[in-house]
Amino acid sequence: MLIMIKVLHFSDIHLGSGFSHGTINPKTGLNTRLEDFINCLSLCIDRAINEPVDLVLFGGDAFPDATPPPYIQEAFAAQFRRLADANIPTILLVGNHDQHSQGNGGASLCIYRTLAVPGFIVGDNLITHKISTKHGQIQVITLPWLTRSSLLTKSKTEGLSLDEINQLLIKALEPVLEEEIRKLDPNLPTILLGHLMVNRARFGAEQFLAVGRGFTIPISLLIRPEIDYVALGHVHKHQNLNPNNNPPVIYPGSIERVDFSEEKEEKGYILINLKKGEVKWQFCPLPARPFLTIKVDISQADDPQTALVKAIEKKTIDNTVVRVNYQIRSEQLELINNSVIHDALKAAHSYTIRPEIISQLSRPRLPELGIGKSLDPIEALKTYLDNQEDIKDIKEDMLEAAQLLLNER
């Protein structure tokens, strides 16, 4: 009877991100958001050691860029060293943020290979690694973030559109990946570990963080009977791109919220039990710092400050990163006492306040032009012009000009 191999899969740590949403902890001298990221990373490592798992897979993007400050590198290394001390094999895949902007190498992770950290593998090329664990052997294909220069010469891409280059890259990748798959041992459990944008994926914040232009890979390249589990990184939103789980194609998502685009996303990692032909996986949530947007229109309120404070008091903001966006008329600004608003937000971890001044020239929406109303273009224009006192003198001229344009279609 084959014993299940236990694997922990997580990705997109981005250690050193989101400092604008934190403050300096006077006890440590560190940004509190850095401490949040370290805490979530530590919990992932804790779980790996306490289970214990047989293998850890990191899906790429350790830092926001390839040259993080030394103290952030040290924080990362201090956590991953615990895996080496526990004799847990670990693969560090190179993501787009781990590479220099030119795409030449995974500078932020390759030091682990240079230092020959026991049990650590840096996945910076497309190759299969056969790993011996306490419960048997497993093979892992590493597919790092690919740039056009890694698969194509400059002469082949010159003058082509991004879509044309994308198609060329896929054609170049297919035979290389196929060659690796054909070399697999059919008797060993197999994982493909890739830092990729797959065509079925729904973006999280990575669309705002992307360094350079990558390309989108069709999921058909990854759904293969030879592969038992596809472990992905790059997209910050947790999702399974192949719900029938044959094989599971999983983005665990990032381990902490990078910004407000991830406000409603749950963060965590994946725990996997597999043997050849059988896999079970579960998403394990992490206590990521909550983010909250409070959006309120106080432009029609008789007492705008009270209305704003009440909107804040309705929300749970303790230890939360908060942004308050409120709409207000310019003549109401003097009715807002900022110290009162700051006091109402003092329980938050951090906060920003952004008033939006509503133009005095704005008009209420016309019900005649609302959704579901059917008017021909001239009638719609006439309804609009009837409500615009400042241009009533040229109303007839505008209607005539519009009719001429419609007649020429």
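Miscellaneous remarks
- Condition met for residue 299 (more than 19 Å from the chain's Cα centre (by Cα), in a loop (DSSP other than H, G, I, E, B) and not assigned by TED's automatic domain parsing to the domain that holds residue 54): yes
- In the range 315-335, residue surrounded by the most Cβ atoms within 10 Å (Cβ to Cβ) [restricted to those that are farther than 25 Å from residue 20 by Cα and of a type outside the set (Asp, Glu)]: 328
- So residue 58, is it modelled with pLDDT under 95 and assigned by TED's automatic domain parsing to the domain that holds residue 128: no
- If the condition is being among the β-branched types (Val, Ile, Thr) and in a helix (DSSP H, G or I), then the range 45-83 contributes 45, 49, 72.
- Residue in the range 1-29 that is surrounded by the most Cβ atoms within 10 Å (Cβ to Cβ), counting only those that are of a type in the set (A, V, I, L, M), touching a residue at least 40 places away in the same chain (Cβ under 8 Å) and part of a strand (DSSP E or B): 7
- Residue check, residue 266 farther than 16 Å from residue 11 by Cα, modelled with pLDDT of 95 or more and surrounded by fewer than 18 Cβ atoms within 10 Å (Cβ to Cβ): no
- In the range 44-66, the residues that are over 18 Å from residue 18 (Cβ atoms), surrounded by fewer than 21 Cβ atoms within 10 Å (Cβ to Cβ) and out of contact with any Leu (no Cβ under 8 Å at 6 or more places or on another chain): 46, 50, 52
- Take the conditions (1) among the small types (Gly, Ala, Ser); (2) part of a loop (DSSP other than H, G, I, E, B); (3) within 12 Å of residue 256 (Cβ to Cβ); residue 42 misses just one of them, which is (2).
- Qualifying residue in the range 298-321 (condition: in contact (Cβ under 8 Å) with a residue 24 or more places away in the chain, in contact with a Gly (Cβ under 9 Å, 6 or more places away or on another chain) and of a type outside the set (Asp, Glu)): yes
The values are calculated or read from the model by the stated rules, or taken from the named source; none is laboratory data. Predicted model, so just to flag it, every value in this text is computed and none were measured. Glycine also receives a Cβ, built like all others from the backbone with ideal geometry; neighbour counts cover every protein chain displayed.
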